[in-house]
Amino acid sequence: MLITFTPFTLMTYQNKLRPWCIVQQLPEMKRVIIDRFRHYQDADARAKFLGDKTPSASFVVLFAPDAPAVAATPAVPDAVAPAH
C-alpha cells in the first residue's frame, strides 16, 4: 500500500525514532514515503528488496528525521481514479 504525505501532518514521536525513509520516486517530481526505519542498514536492505521485486519503480533511502508524518491516505494513480 502506497502512502502519501501532506505538509499539514504533524511529526510524531514514532517518526522521530525512525529517521531513515524509503521513498518511491514518481513522475512529475512527486515522492511517496513507503516506510520508515530506525537503522540505515534495514532501510537499505528493504529498498533493494523492493527494487528487485518492482524493477520499473525507483526507490531511494533518505535520512529525514523532520519529515512530516505519513498520512493514512493511500496514493491512487490518476489512471485508476474514479470519475466524478
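The values are calculated or read from the model by the stated rules, or taken from the named source; none is laboratory data. Bear in mind that the values here come from a model prediction, so they are computed numbers and not experimental data. Cβ placement follows ideal geometry from the backbone for every residue including glycine, while neighbour counts extend to all protein chains displayed.
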**Q.** Residue ID - farthest from Val60 (Cα to Cα), chosen from residues in region 12-48 that are assigned to a loop (DSSP other than H, G, I, E, B) and over 15 Å from the mean Cα position of the chain (by Cα)
**A.** Thr12
Q.
I need the full set of residues from region 11-30 which are surrounded by 15 or more Cβ atoms within 10 Å (Cβ to Cβ) and among the charged types (D, E, K, R), in order please.
A. Arg18
Q: Sort out which residues of region 44-81 are at pLDDT below 50 and exposed (fewer than 11 other Cβ atoms within 10 Å of the Cβ), and write them in order of number.
A: Ala72, Pro74, Pro77, Asp78, Ala79, Val80, Ala81
Q: Scan region 52-67 residue by residue and report those that are part of a loop (DSSP other than H, G, I, E, B) and either of a type in the set (D, E, K, R) or farther than 30 Å from Tyr13 by Cα (or both).
A: Thr54, Pro55, Ser56, Asp66
